[in-house]
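The values are calculated or read from the model by the stated rules, or taken from the named source; none is laboratory data. Treat the numbers as computed from the prediction; the structure is a model and nothing was measured. Using ideal geometry, Cβ is built from the backbone for each residue, glycine included, and neighbour counts are taken over all protein chains shown.
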Amino acid sequence: MVAQKGKDLLLKMDSGGTFVTVAGLRSKRLAFNAEAVDITDAESAGRWRELLGGAGVQRASLTGAGIFKDQASDGLVRGAFFAGSILAWQILIPAFGIVAGPFQVTALEYSGEYNGEIRFELALESAGALTFEAL
C-alpha cells in the first residue's frame, strides 16, 4: 500500500439501511487479532511450539477520536452504545479495501477543555464474521 492521507480512512455505520460516515473522526485505528491455539506436546520436534492452524478466535477492534460535527452522528453513536446494539459498520481503507460487518460500541468517552471543543473517543469490537472487499 502506498502512502495515504489519514483523513481518507472512513468509518461508517448503518443507519436504517444506509451507511453514514461518523463525522469528525480525527484519528482512527483498526487492529486485527487471532488467538493462537498451542498444541505442543512431549513429542514436538525439538520441543518447539506447535500451533493449530485455523482454530483460534479472530477479532477486529477499532478505536477513534475526534469531534462530532452534527447532532445526527452523535445521536447514532450514543444510541448504539446505550442500547448495546450490534450494528453493521464499514471501515474504508483507501487503496486497500472495505472491511465490513457487525460491531458493538464498547466504549464512548467525552472530554473537553475550558476553552476548547468537546471531543469524543469510541471503541468498537467485532461481533461476528467480517468481510473484505478490495478497492
For region 36-48: of the residues being in a loop (DSSP other than H, G, I, E, B) and surrounded by 10 or more Cβ atoms within 10 Å (Cβ to Cβ), which is nearest to the chain's Cα centre (by Cα)? A36
Which residues, counting only those in region 21-42, are out of contact with any strand residue (DSSP E or B) (no Cβ under 9 Å at 6 or more places or on another chain) and modelled with pLDDT under 90? A42
If a residue has to be out of contact with any strand residue (DSSP E or B) (no Cβ under 6 Å at 6 or more places or on another chain) and closer than 17 Å to G64 by Cβ to count, how many in region 80-99 make the cut? 2
With respect to R59, is the statement that it is touching a residue at least 40 places away in the same chain (Cβ under 8 Å), more than 15 Å from L11 (Cα to Cα) and either surrounded by 14 or more Cβ atoms within 10 Å (Cβ to Cβ) or basic (K, R) (or both) true? yes
Strands (runs of 3 or more DSSP E) completely within region 53-135 that count 3 or more residues being modelled with pLDDT of 90 or more and in contact with a Phe, Trp or Tyr (Cβ under 9 Å, 6 or more places away or on another chain): 58-66, 86-93, 97-112, 118-126
Residues within region 62-103 that are surrounded by fewer than 18 Cβ atoms within 10 Å (Cβ to Cβ) and under 13 Å from A123 (Cβ atoms), tallied: 3
Candidates S15, S27, filtered to the one that is of a type outside the set (D, E, K, R), surrounded by fewer than 13 Cβ atoms within 10 Å (Cβ to Cβ) and in contact with a helix residue (DSSP H, G or I) (Cβ under 8 Å, 6 or more places away or on another chain): S27
Checked region 1-20 for anything polar (S, T, N, Q), assigned to a strand (DSSP E or B) and modelled with pLDDT under 90; matches are S15
Checked pairs for region 24-49, first touching a residue at least 24 places away in the same chain (Cβ under 8 Å), second surrounded by 11 or more Cβ atoms within 10 Å (Cβ to Cβ) and of a type in the set (D, E, K, R), C-beta under 7 Å and 6 or more apart or across chains, list as G24/K69; N33/R59
